[in-house]
Amino acid sequence: MEPFVALTFIYGVIVGSFLNVCVYRIPRKISIVKIHSFCPACRTPLPWKFKIPLLSFLWLKGRCHFCGAAISLRYPLIETLTGVITALAYVKLGLGGAFVFYLTFAYSLIVLAFIDLEHQILPNRILGFLMIAGIVENAFFRVVPFGEAFWGTLGAGGGMLLVALLGRVVFGKEALGMGDVKLAAVAGFYLGGHMIIYALFFSFFIAFLALMLMQLLGRRQRKDYIPLGPFMSIALIVFVLWGTVIVQWYWRIVL
Ligand SMILES: [Zn+2]
């Protein structure tokens with residue numbers, strides 16, 4: 001088992017460097033496969049030795065070799081995060097259908113979260129990909145029973161739509177975007193009808209905590225828009241890994 005933890009971590013770091021490409025390019029409508037990587041500041045195409053995940057960043061001390069511009073910390077952060085999540089998924093799920101299925105989900109969530117942070121959008125292309133990949137992979141691997149997936153999609157999508165419409169009536173503005181509603185529906189497919197309810201409440205809970213914390217630190221202006229996508233992504237990934245345990249804790253505390 002142990003060597004596989006390291007191997008899955010390295011595999012995840014490599015995938016993470018591709019996720020970085022997706023985060024940068026998808027909202028800017030640049031092809032994710034056709035064009036070679038370039039420095040966002042000076043546009044110089046990068047030779048392979050500057051494209052090695054994590055290592056290049058460390059070797060270049062976080063600066064572009066050609067123009068000296070600082071390389072965003074987001075690059076090593078996403079690579080490390082993806083590596084850690086991949087290794088944890090291996091420990092929790094082993095190597096098999098569930099591993100592939102839930103990593104498709106988690107990888108897409110990482111991309112969605114960072115795009116939402118920067119651009120306040122959850123691109124339909126990624127949500128659509130996630131829905132189709134989920135249906136195809138589940139048909140092969142049978143990870144989530146059909147009824148759970150079906151009601152998860154309908155229940156979470158419908159429930160969030162209701163919250164979004166209510167929010168619009170009560171606050172007179174869009175509190176919950178349609179992207180969040182669509183993400184909830186797709187996530188319902190992956191987690192199933194039971195788990196998705198807890199996961200969504202958990203995402204509201206951590207979003208609320210973060211809001212309070214920012215308020216306390218005086219970091220938040222009233223007009224600031226806080227995207228929900230990153231909190232949903234965190235909650236959903238946490239639930240993929242520890243959902244069953246969290247639900248058990250929850251009932252132990254409540255009862
Ligand atoms: Zn440069």
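Taken together, the values in this text are just the output of simple stated rules run on the coordinates, not laboratory data. No experiment lies behind these values; they were computed from the predicted model shown. Reconstructed Cβ throughout: ideal geometry from the backbone, glycine too, with neighbour counts over all protein chains shown.
Tabulated results
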{"quantity": "Cα gyration tensor shape for segment 101-206, rounded if a/c is under 1.5, else prolate or oblate", "calculated": "oblate"}
{"quantity": "Shape box of the chain [Cα atoms, principal axes, largest first, Å]", "calculated": "57, 48, 35"}
{"quantity": "Net charge dipole size for the chain [Lys, Arg +1 and Asp, Glu -1 on Cβ; Debye, nearest 20]", "calculated": "840"}
{"quantity": "Mean separation of Cα contacts under 8 Å (6+ apart) over length of the chain, as relative contact order %", "calculated": "18"}
{"quantity": "Burial ranking of peptide ranges 172-178, 122-128 (average Cβ count within 10 Å, highest at the top)", "calculated": "122-128, 172-178"}
{"quantity": "Rounded, prolate or oblate (a/c below 1.5 giving rounded, otherwise prolate when a/b exceeds b/c) for segment 151-229 by Cα gyration tensor", "calculated": "oblate"}
{"quantity": "Calculated on alpha-carbon atoms, Rg and Dmax of segment 1-95 in Å", "calculated": "14.5, 44"}
{"quantity": "Segment 45-152 - Rg over Rh from alpha carbon coordinates, Kirkwood radius", "calculated": "1.07"}
{"quantity": "Extreme residue, positive dipole direction of segment 96-255, given options A175, A156, P145 (C-beta unit charges)", "calculated": "A175"}
{"quantity": "Ranking of F201, F150, F99 by count of other Cβ atoms within 10 Å, fewest first", "calculated": "F201, F150, F99"}
{"quantity": "Residue order, fewest to most surrounding Cβ atoms within 10 angstrom, among L211, L217, L103", "calculated": "L217, L211, L103"}
